[in-house]
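Q: Here it is, the structure in full.
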Amino acid sequence: MTSGTPSPAMTVLADEVDDPAGPMMWEVLVGGVGLALLLVTIVGMVSVVTTRSLTGPVKAGWAVVVLALPLAGPAAWFLWRSRRTAQR
């Protein structure tokens, strides 16, 4: 290749770098997902802490699960809680 003509790969890379919305959209998406996970975890923790039907060690165990697994922990808690209240 001559030094004056860019390769096709370089042209594609240059087009991606020139688009300022591309990286910003990913940052917004990742930030939104992170914020949603934080919100679900906080709501799950508040629900665990304020429930009156659990004793101390069981409540502490659920708190650890909710905090350790930000998406699966609250989901498991809400499923377990809904099945437990449905049995009453």
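Taken together, the values in this text are just the output of simple stated rules run on the coordinates, not laboratory data. As the structure is a prediction and not an experimental result, all values here were calculated from the model.
Q: Direction-averaged shadow area of the convex hull around the Cα atoms of segment 23-87, nm²?
A: 4.7 nm²
Q: Between residue 82 and residue 39, 0.36 nm times their residue separation minus their Cα-Cα distance comes to what?
A: Result for the pair: 13.5 nm of gain on full extension.
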